[in-house]
């Protein structure tokens, strides 16, 4: 009997994860799999790559604690094609089969492997098209003489530096002006350098020696 692991996820705590678990337990029973562990993530978005339950599943997959992973649907594993393929590739590298109930996909079969391959090709094509659109946009802006890169932030730098020097913490200043803590440090340093240069410029330049001045 093949050993199987179940993975289930819900985005909010008020959703019932037992619905997925019941479905997957039935699927395992019909196919004659022994469920050795159930991994769950409750109240966690599928857009998050790092999840306690999913991380534990992948770690145990590397240890060969099971040979099959059962999920209710693709989107329970990941919201993006890139992340989904990363997870499936990790499982394949460990010799673990992947079964999705809703899509009726089983990577142990030729059709399942072909489907995952097609998804990977589509994702790669999508990435290439995005990169090409970005490059085309940059070429157009360059030909039109438009500025490249991000637009400068409209920040009251004087107020930011003043608040920082008055004793406000980095976190307080960053929240007030909507910038990162690193930006607060950078603006404060730039202001200090500017003041130092201004003071240096105001100092008189001595063109004669003290003896010549006395004479």
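The values are calculated or read from the model by the stated rules, or taken from the named source; none is laboratory data. What you see is a predicted model; the values in this text were computed from it and never measured. When we count neighbours, we look across all protein chains shown, and the Cβ atoms used for this are built from the backbone with ideal geometry, even at glycine.
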Within the range 18-50, restricting to residues that are in contact (Cβ under 8 Å) with a residue 60 or more places away in the chain and under 31 Å from the mean Cα position of the chain (by Cα), the one that is nearest to residue 60 (Cα to Cα) is 24
If you go through 184, 179, the only one that is outside any helix (DSSP H, G or I) and at negative phi is 179
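Residues are listed down the side, and each one gets a yes or a no for (1) part of a helix (DSSP H, G or I); (2) in the same structural domain as residue 78 (by TED's automatic domain parsing); (3) at pLDDT 75 or above; (4) in contact with a strand residue (DSSP E or B) (Cβ under 6 Å, 6 or more places away or on another chain):
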site	(1), (2), (3), (4)
134	yes, no, yes, no
139	yes, no, yes, no
152	no, no, no, no
162	yes, no, yes, no
167	no, no, yes, no
